[in-house]
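Heads up, the thing below is written out as structure tokens.
The values are calculated or read from the model by the stated rules, or taken from the named source; none is laboratory data. Bear in mind the structure is a predicted one, so any value in this text is a computation, not a measurement. Heads up, the Cβs are rebuilt from the backbone with ideal geometry, glycines too, and the neighbour counts pull from every protein chain shown.
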Amino acid sequence: MILPYAEPYKIKMVEPMYPSRRIDREQWIKEARFNLFNLKSHQVFIDLLTDSGTGAMSQEQWGAMMTGDESYAGSHSFEMLKDTITSMTGFPYILPTHQGRAAENVLFSVMVRAGDVVPGNSHFDTTKGHIEFRKATAFDCTIDAAGDTANHHPFKGNLDMGKLENVFQVYGRERIPMIIVTITCNTNGGQPVSMENLKEVRSFADRYGIPVIFDAARFAENAYFIKNREKAYKRHSIRQIVKEMFSLADGMTMSSKKDGIVNMGGFIALNDETLYRQATTFNIMFEGYITYGGMSGRDMAALARGLEEGTTFEYLESRIKQVHYLGGLLRDRGIPVQEPFGGHAIFVEAGKFLPLVPREEFVAQTLALELYLESGVRAVEIGTLLADRDPETRENRYPRLEMVRLAIPRRVYTRNHMDYVAAALSNVFERRQAITRGYRILYEAPLMRHFTIELEKMP
Ligand SMILES: *Cc1c(COP(=O)(O)O)cnc(C)c1O
């Protein structure tokens, strides 16, 4: 018998969860105006809202918290973090920031100007936000296979070199400050980018003399996929793959809340000293002095350790296998899910799941709410609410796919919890024919409406 995967850690400290009755959940979600962000955490049983900052730290990380050095300048904890990042990525220059979007804010303050065009693979919302805030444009060059849920391409995060070439032909090199490669591609479902593609991007960028920046929140998960799906890397260690990946970039922005396995933090890492010096000024203005940049010494110490743990094969294997275990359970029950499964979440196709609910009534939100009512499991809508309105016409933008994302926090839940989620969603699936109506909007903010929206049930 092949031994199943088992978590390579055990539980030393437990945190209570909050089971609830359907009748209470009905009341709570009504009070929350049918917005899952408005729920209090004790009204949620299993929380799959996000994998960002929700992971569990190890005993070594908690130990490091106790020995963190809180000196304003030159703290030992910063040195530890810097040494870890430099030896892992090869980048000599490091600036800590309080989280990933802060790293974007600092770096783009140096690099992005009004009228610029920044090509990449489905930029993450905050990345796009920081580009558009500077009156520049994010240009999506992801391969077409990424948009086809029936296509099992192993690297759906890849960039299409033809599309990239086209951006340079149309806009010209002068308007392009960098190419951003997001590993894994979050917006796209946590889909990886192959080493082969990273190399193509590198040689393309060299031809034009353009820097390549990685948005590296889930770089370790990306390395795991390369090891598993790209023949040439089968025998490489995760750390060798990570080093090679970053050797193909000029710098990175990082949200440490993902593969750093900490609850808060981020950083910029760079090769170029001039760029580093320029970014330093903005870091001091926006984040803090260059050896802490918005992080406590203890948080930097825990991050240094988290990066080490997060790049071990054993950890990544159990992490990704847990996500794929949940995906497999859902697929086996006939539930429409995006494939191949990504690294950090399973995406359920709400449009196919609830074909009777009109898209004007927010079908993905309807499914996420049904799952909560059924079980206390909190997922998140990746559909029309998130896509927001067209800034000019103010009409709803209907995305091609209405998705519900089940994001799995790192090292937090067990296989039983995955079984529970799958059973809950199966129950909703069994009664899907009876779900015919969705919701309408009572209140929405002019921007980023999904966080604060208020809804009411259609009669
Ligand atoms: C989370 C994330 C960010 C932003 O990081 P925060 O820590 O949430 O500010 C940027 N890019 C990607 C790919 C992310 O997943």
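At a glance:
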read-out: Residue within region 379-390 that is surrounded by 23 or more Cβ atoms within 10 Å (Cβ to Cβ) and modelled with pLDDT of 95 or more present; value: yes
read-out: Identity of the residue in region 37-65, in a helix (DSSP H, G or I) and out of contact with any helix residue (DSSP H, G or I) (no Cβ under 6 Å at 6 or more places or on another chain), that ends up farthest from Leu307 (Cα to Cα); value: Asn38
read-out: Residue within region 358-371 that is over 19 Å from Lys30 (Cβ atoms), at pLDDT below 95 and small (Gly, Ala, Ser) present; value: no
read-out: Residue check for Ala145: farther than 29 Å from Phe341 by Cα and more than 15 Å from the ligand (Cβ to nearest atom); value: no
read-out: Yes/no for Gly68 being assigned to a loop (DSSP other than H, G, I, E, B), of a type in the set (Gly, Ala, Ser) and within 26 Å of the chain's Cα centre (by Cα); value: no
read-out: Residue pairs meeting the criteria (Cβ under 9 Å; at least 6 apart or on separate chains; first over 14 Å from Arg207 (Cα atoms) and polar (S, T, N, Q), in region 153-177; second surrounded by fewer than 16 Cβ atoms within 10 Å (Cβ to Cβ) and modelled with pLDDT of 95 or more); value: Asn158/Glu196
read-out: Within region 74-142, helices (runs of 4 or more DSSP H) holding 1 or more residues that are within 20 Å of Met264 (Cβ to Cβ), out of contact with any Asp or Glu (no Cβ under 6 Å at 6 or more places or on another chain) and without any contact (Cβ under 8 Å) to a residue 60 or more places away in the chain; value: 76-89, 125-132
read-out: Options Ala223, Ala249, Ala217: the member that is over 24 Å from Leu275 (Cβ atoms), under 23 Å from the mean Cα position of the chain (by Cα) and at pLDDT 95 or above; value: Ala223
read-out: Test result for Glu174, away from the ligand (no atom under 15 Å from the Cβ), over 30 Å from Lys352 (Cβ atoms) and among the charged types (D, E, K, R); value: yes
read-out: Restricting region 423-459 to residues that are of a type in the set (Ser, Thr, Tyr) and not in a strand (DSSP E or B), the residue that is farthest from Phe353 (Cα to Cα); value: Thr452
read-out: In region 205-247, residue surrounded by the fewest Cβ atoms within 10 Å (Cβ to Cβ) [restricted to those that are away from the ligand (no atom under 15 Å from the Cβ) and under 12 Å from Leu270 (Cα atoms)]; value: Ser247
read-out: Test: residue in region 33-52 that is surrounded by fewer than 12 Cβ atoms within 10 Å (Cβ to Cβ), over 19 Å from Ile408 (Cα atoms) and free of Cβ contacts under 8 Å to residues at least 60 places away in the same chain; value: no
read-out: Region 189-204 - residue that is surrounded by fewer than 18 Cβ atoms within 10 Å (Cβ to Cβ) and of a type outside the set (D, E, K, R) and, of those, nearest to the ligand (Cβ to nearest atom); value: Phe204
read-out: Residue among Ser247, Ser194 that alone is outside the structural domain of Ala345 (by TED's automatic domain parsing), of a type in the set (Ser, Thr, Tyr), over 26 Å from Glu349 (Cβ atoms) and out of contact with any strand residue (DSSP E or B) (no Cβ under 9 Å at 6 or more places or on another chain); value: Ser247
read-out: Output for region 331-377, where each listed residue is within 17 Å of the chain's Cα centre (by Cα), surrounded by 23 or more Cβ atoms within 10 Å (Cβ to Cβ) and either among the hydrophobic types (A, V, I, L, M, F, W, C) or not in a loop (DSSP other than H, G, I, E, B) (or both); value: Ala345, Ile346, Phe347, Val348
read-out: Hits in region 145-165 - residues which are part of a helix (DSSP H, G or I) and either more than 19 Å from Val117 (Cβ to Cβ) or small (Gly, Ala, Ser) (or both); value: Ala145, Ala146, Gly147, Gly162
read-out: Sole residue being under 21 Å from Gly55 (Cβ atoms), aliphatic (A, V, I, L, M) and in contact (Cβ under 8 Å) with a residue 24 or more places away in the chain, chosen from Val348, Val357, Val380; value: Val380
read-out: Qualifying residue in region 256-268 (condition: away from the ligand (no atom under 16 Å from the Cβ), surrounded by 24 or more Cβ atoms within 10 Å (Cβ to Cβ) and at negative phi); value: no
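Each row is one residue, and each column tells you yes or no for (1) in the same structural domain as Thr281 (by TED's automatic domain parsing); (2) away from the ligand (no atom under 12 Å from the Cβ); (3) crowded, with 24+ Cβ neighbours inside 10 Å.
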| position | (1), (2), (3) |
| --- | --- |
| Arg101 | yes, no, no |
| Leu107 | yes, no, yes |
| Pro119 | yes, yes, yes |
| Thr126 | yes, no, no |
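One line per residue, one yes/no per condition, for (1) assigned by TED's automatic domain parsing to the domain that holds Phe353; (2) out of contact with any helix residue (DSSP H, G or I) (no Cβ under 7 Å at 6 or more places or on another chain); (3) polar (S, T, N, Q):
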{"position": "Asp272", "(1), (2), (3)": "no, yes, no"}
{"position": "Gln278", "(1), (2), (3)": "no, no, yes"}
{"position": "Phe282", "(1), (2), (3)": "no, no, no"}
{"position": "Leu326", "(1), (2), (3)": "yes, no, no"}
{"position": "Arg331", "(1), (2), (3)": "yes, yes, no"}
